[in-house]
1. Just to be sure I understand, how many residues within the stretch 98-112 are open to solvent by less than 30 Å² (accessible area, probe 1.4 Å) and among the polar types (S, T, N, Q)?
2. Among the residues of the stretch 113-141, count how many are open to solvent by 10 Å² or more (accessible area, probe 1.4 Å), in contact with an Asp or Glu (Cβ under 6 Å, 6 or more places away or on another chain) and not in a helix (DSSP H, G or I).
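The values are calculated or read from the model by the stated rules, or taken from the named source; none is laboratory data. Please read all numbers here as calculations on a predicted model, not as lab measurements. All Cβ positions, glycine included, derive from the backbone under ideal geometry; neighbour counts span all protein chains shown. These accessible areas exclude ligands, DNA and RNA; they are computed on the full protein's heavy atoms, side chains included. Shrake-Rupley method; radii C 1.70, N 1.55, O 1.52, S 1.80 Å.
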Amino acid sequence: ECILDTDISVALRHGYRWIRAFDRIPLDPDAGAKLRPGATYLVTGGLGGLGFVLARHLAQSAQANLILVGRTPLAFEPAEKPSRVHDLKRRRLEELRSSGTQVDYYAADVTDLDQIEKVIRQAEKDHGAIRGVIHAAGIPGGGVIQQRDLQDCARVLDPKVLGTLVLEKVFQSRKLDFLLLCSSTSALL
C-alpha cells in the first residue's frame with residue numbers, strides 16, 4: 001500500500017515528475033527480537049522524549065535493568081538551582097525507578113569512545129551482559145538547514161552519526177539481541 005504525501009511535494013528532474021510517497025511495511029510480530037525478562041538494556045538519550053518512552057516500555061514489559069546514558073549530569077551542588085530540564089529528567093528517572101526496575105544513569109557523551117567504554121564496562125560489571133541497545137540520543141535540530149552553520153549541524157548530527165559509530169565499535173565483539181537506531185522525521189518535514 002502506497003501513501004502519497006499529503007503536501008504533494010513535486011520535483012521535476014530531467015523530464016520526469018517525482019512525487020514523494022511512503023510505503024507501509026507490515027511487521028511480523030514474531031520476527032523481531034524478544035525482550036528477556038530481567039535482562040540489561042542500554043538506552044542512550046534514555047531520559048529524553050523518545051528514549052524515555054522506550055525505557056519505560058522496557059521497564060514495564062520486561063522488568064529490565066536499564067542503563068541510561070545522557071549528556072546532562074543530574075547531580076548538582078546544593079547552591080545551584082536545577083533547571084526545568086533537570087527537574088523533568090529527575091522526575092522521569094524516579095518514575096522508572098518507582099516501577100521496581102533497576103536503573104543506572106550515566107552522564108556521558110555518546111560521541112566519546114572512552115566515556116562510553118567506561119559506562120559499558122561498569123554496567124556489565126554491575127548487571128552482566130547488555131542484551132540490547134536503543135540509540136535515541138540526539139539534539140532537536142529545528143530550523144531550515146540552509147540557515148545553519150557547520151557548528152549547528154555538527155551539534156545535531158554528531159550524537160546520531162558519531163554516536164552510532166561509537167556504539168558499533170563498543171559492541172562489535174559483544175552479542176546483542178537487538179540494536180535499535182532512532183531517527184527523526186524532521187529531514188522529511
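1. 1
2. 1
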